[in-house]
Each structure stands twice: as structure tokens, then as C-alpha cells.
Amino acid sequence: MVGEGVLYECLLSPDVEKVLVVGRRSCGVHHSKLTEIVHKDFFDLSSIESQLAGYNSCFFCLGVSSVGMNKPEYEKMTYELTLNFAKTLAKVNSDLTFCYISGAGTDSSEKGRSHWARVKGKTENDLQKLGFKQTFLFRPGILKPTPGLNNTLGFYKWAGWLIPLIETLAPNHITSLAELGKAMIHAMHKGYDKNIIEVKDIKALSK
């Protein structure tokens, strides 16, 4: 859902000249800006490494929920996979902006009680050590889907009526996929005075 929404904003934006999508299956989108690599094993990128050079930003939208997943598997799919991809990018082109979609409540101290938040925090912390030109860590809360896209999570289909209420009562806990995509594009082009991008920052950056 998140990757599709961010891709949609990139294809719409006049500030984005070319997009390379790397995924484990085809995104099913065809556009003059878009090139796609389908690659099954994100723990071994050697066969596609050379194709990752020449870009000025990475919007890393891949992620899994910790619900129903054991701790070692969650750490593998969240920390190890992300760092492996990022280290490969740093090797072929460190002069880029790396934007990582993390999550509200992430624990930068890595010492809190919540396992998922500690793992996300460790991922954020270690991404910042790789020497990229810029590293931005986006922490969206509830995401309002973009109408018409294919991968909207089921939760939003039956609980969408709650969104206006949340926007009224807790505006700093909800943003839209469109705002997130635009904020990532603007951070890449204009920079930002914070590395950790919370919901209120996403809204400000999207304008």
C-alpha cells in the first residue's frame, strides 16, 4: 500500500525525472518514467547491484507488520533486509538521499519495552551511520489511502469512516499517503532541518 502510494506521487511529480522500482513481484504499473526490476532475494543483490547506480534518492517503502511474527523473523525482515539493501546502495552511490519509512512510536534508544519499536529504532540508527548524503526517517502514524489505488489494506475499507473523526480529534496521528509521497520528494530536493520526520513534519514537508 505504502510503496504504491509513494510511487504514484513520484510519477505525478514534475520534480522526479526517472523512477526505478525494485520489488519481489511486478508493481503492475506502466509509465514512461518507470523502470522495474523484479528480484526475489533482497539478501543477495549482487546480480542487480550495477543497475542501482546513478540515482539520487532511495525511497525505501518495504516493511512488514510484527503481528503474528516471531522476534528473529521480524528482525531479519525489518533490520537485516533494510540494512543489506542500504549498504549495497552506499557502496555503489553514497551521494544519495535515503528515505526510510519507519513508524510512529519507533524507539531510538533501542531500550524500550516494545520489540518492534526497538528493532525499528536500531534500523533507523544504523542507517544514519552509512554515510549517505542525507538520511530521512519518516514516522507516519495512520495513513489515509489514496483513492483508486489497488493495494489499500482491508482495515481502511471497512473502517474508513473513522478517518474524519481521527483527523479532527488526533490530527498529529494521521496523514495521507499523498502527503507522505510529496514529503519524501520535497525532502530529497529541498532537504529538511530534522532527520526524524514525524506526522506534523510530513504535513509541513508535503506543501
Sort out which residues of region 104-117 are open to solvent by less than 30 Å² (accessible area, probe 1.4 Å) and either touching a strand residue (DSSP E or B) at 6+ places or on another chain (Cβ under 8 Å) or on the phi > 0 side of the Ramachandran plot (or both), and write them in order of number. THR106
Looking at (1) open to solvent by less than 40 Å² (accessible area, probe 1.4 Å); (2) modelled with pLDDT under 90, can you tell me which one LYS120 breaks? (2)
Taking region 177-195, which residues are touching a Gly at 6+ places or on another chain (Cβ under 8 Å) and closer than 10 Å to LEU205 by Cβ? LEU180
Selected residue [modelled with pLDDT of 95 or more, open to solvent by less than 30 Å² (accessible area, probe 1.4 Å), at negative phi and in contact with a Leu (Cβ under 9 Å, 6 or more places away or on another chain)] from THR78, THR135: THR135
For ASN84, all conditions in the list (1) closer than 25 Å to ILE197 by Cα; (2) open to solvent by less than 50 Å² (accessible area, probe 1.4 Å); (3) over 17 Å from the mean Cα position of the chain (by Cα) hold save one; what is the number of the exception? (3)
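The values are calculated or read from the model by the stated rules, or taken from the named source; none is laboratory data. Small disclaimer: the values here were computed from a predicted structure and weren't measured. Cβ sites come from the backbone with ideal geometry, for glycine too, and all protein chains shown count toward neighbours. What goes into the accessible areas is simple: the full protein's heavy atoms, side chains included, and nothing from ligands, DNA or RNA. Shrake-Rupley method; radii C 1.70, N 1.55, O 1.52, S 1.80 Å.
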